Amino acid sequence: MGAVMKQKILSLLILVTLLVGCTPSSGDTLPTGMPFLTPGPQTTLDVPTSFPTPTESLVGLQKIKHIVIIIQENRSFDTYFGTYPGANGLPRENGKFTVCLNDPKSRKCVYPFHNPSDKNFGGPHGEGNFIKDVDGGKMDGFIAAAENASTGCIHVDDPACSKGSTDVMGYHDAREIPNYWTYARNFVLQDAMFEPNASWSLPQHLFMVSEWSAKCSKAGDPMSCINALNGPALPPDFKVNGKPSPVPSYAWTDLTYLLFKNHVTWKYYVEKGTQPDCADDSAACAPVDQNDRTPGIWNPLPYFDTVKQDGQLANITDVNNFYTDARSGNLPAVSWITPSNDDSEHPTALVSDGQAWVTELVNAVMQGPDWSSSAIFLTWDDWGGFYDHVVTPKVDENGYGLRVPGIVISHYAKKGFIDSQVLSHDAYVKFIEDVFLNGQRIDPTTDGRPDLRPNVRENAAQLGDLSLDFDFTQAPRPNLVLPLHPKPGPASTP
């Protein structure tokens, strides 16, 4: 066991010792520094009731040999789990919702409503839209943003566009997404998971693999890269003002650089099809073809210098190879999986198609020999303009963004646990580093490849620890193979 891991175990042992003697009573507050969501406008406080000991969570991590991250599209937590029992969902009292948003067009206040539609429209979801939706913490700009967005777009999935619909206040439950609710009931639901950046899909996918969204002025020079939350360099298959974007150079350091240095295997699985999002400021664009050889907003790794220099472009591969790898027990240590537009749940893609796609991926792991040593993290990349009532914690100039669903599925995941730690997708990178890299971070002062990123995101004081979602002392969980097209579940009540 390395020095970093030993120090971490020692620190947590000291913390647990202190907490044993000062367990909060019903009138006490949480100890200072605990990474849980604090109440703000339109929020409630949900706190986990049990925690593993440090030796359980840290030593037990050695049982995880495969981390699978499934990244779906454009859903807020409240639109999928706003009425999930016990979660920090849509504010309600005595069976009625207690929050409504002004509709500038109808001049009515719109309450959350059950939306049975399989096709949704959502709203715009760039950096400027985030600011309008949050409205200084009032969380009341979602309808106005959707109604004021561009509507004459060639491609409806442009993040700057909208159908002008108030379905941003709609929510789904087990009637539309029974498998997702079944995963939550049987494994772990995270109700304080935030998009790592206050912006759209390309920056989010850059954060997912590198913890930064930047633009570089000199190809191959990490020190020429500067912060670019909303406008990182676009892949050349996207057109801005009718012209193809220049080929970008993502010269800053990404996670695969550390994985390669430490002989940790990885693959980035891509589903063949199309991807929807355009440049955030674009008013019109056409769908863009996507496959494992097409770099794009959901597949940025081919433009990272380190991936090319390390000779690992072949690790970006077709999703059909994921099924082969899962079936044969050859999953890499780290897997990222991105869908095509049709299976993404990105409005206007059907919710049912996305759920079937995710279920097929999870089933593949569960039915393969690597299930007993795998941790599957299912999430959605951004809020897609849909309403969420929780005020975003401030971490730095780049985010966090709005709350999105997060689910943990594993042989050792706690059953029916709601994790209310403050989390972001940064926690996935942190978990990978803790499990496979002995706690090493993408840190320009220590990783041997300096760049000008503003901070080390994995070390943010607010960020919780995914190891708390596991119980490595429990009897291993059996698999839970679900139908791809399940019957609707029961209705939830406000």
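Structure above, values below:
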{"quantity": "Residue match in region 221-238 (condition: assigned to a loop (DSSP other than H, G, I, E, B) and closer than 20 Å to ALA375 by Cβ)", "calculated": "no"}
{"quantity": "Scope region 116-134; condition crowded, with 18+ Cβ neighbours inside 10 Å and outside any helix (DSSP H, G or I); matching residues", "calculated": "ASN120, PHE121, GLY122, GLY123, PRO124, HIS125, GLY126"}
{"quantity": "Region 462-494, residues that are over 20 Å from TYR428 (Cβ atoms), of a type in the set (D, E, K, R) and open to solvent by less than 60 Å² (accessible area, probe 1.4 Å)", "calculated": "ARG477"}
{"quantity": "Residue, nearest to ASP381 (Cα to Cα), within region 88-115, restricted to residues that are open to solvent by less than 30 Å² (accessible area, probe 1.4 Å) and in contact with a Pro (Cβ under 6 Å, 6 or more places away or on another chain)", "calculated": "LEU90"}
{"quantity": "Filtered residues of region 437-466 (kept if among the β-branched types (Val, Ile, Thr) and more than 18 Å from GLY399 (Cβ to Cβ))", "calculated": "THR445, THR446"}
{"quantity": "Any hit, region 351-366, residues being without any contact (Cβ under 8 Å) to a residue 12 or more places away in the chain and within 19 Å of PRO116 (Cα to Cα)", "calculated": "yes"}
{"quantity": "Selection count, region 221-271, where residues are out of contact with any Pro (no Cβ under 9 Å at 6 or more places or on another chain), under 30 Å from ASP325 (Cα atoms), surrounded by fewer than 22 Cβ atoms within 10 Å (Cβ to Cβ) and of a type in the set (S, T, N, Q)", "calculated": "1"}
{"quantity": "Residue in region 438-458 that is touching a His at 6+ places or on another chain (Cβ under 7 Å) and assigned to a loop (DSSP other than H, G, I, E, B) present", "calculated": "no"}
{"quantity": "Unique match (being at pLDDT 95 or above, in a loop (DSSP other than H, G, I, E, B) and of a type outside the set (Asp, Glu)) among PRO159, PRO196", "calculated": "PRO196"}
{"quantity": "Selection from region 325-352 of residues that are surrounded by fewer than 20 Cβ atoms within 10 Å (Cβ to Cβ) and closer than 20 Å to SER76 by Cβ", "calculated": "THR348, LEU350, SER352"}
{"quantity": "Selection status of GLY416, buried (at least 23 other Cβ atoms within 10 Å of the Cβ), within 24 Å of ASN363 (Cα to Cα) and small (Gly, Ala, Ser)", "calculated": "no"}
{"quantity": "Identity of the residue in region 208-220, part of a loop (DSSP other than H, G, I, E, B) and surrounded by 14 or more Cβ atoms within 10 Å (Cβ to Cβ), that ends up nearest to the chain's Cα centre (by Cα)", "calculated": "GLU211"}
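The values are calculated or read from the model by the stated rules, or taken from the named source; none is laboratory data. All values derive from a computational prediction rather than experimental measurement. Counting neighbours? That spans all protein chains shown, and the Cβs are built from the backbone with ideal geometry, glycine included. With ligands, DNA and RNA removed, areas are computed over all heavy atoms of the protein, side chains included. Shrake-Rupley method; radii C 1.70, N 1.55, O 1.52, S 1.80 Å.
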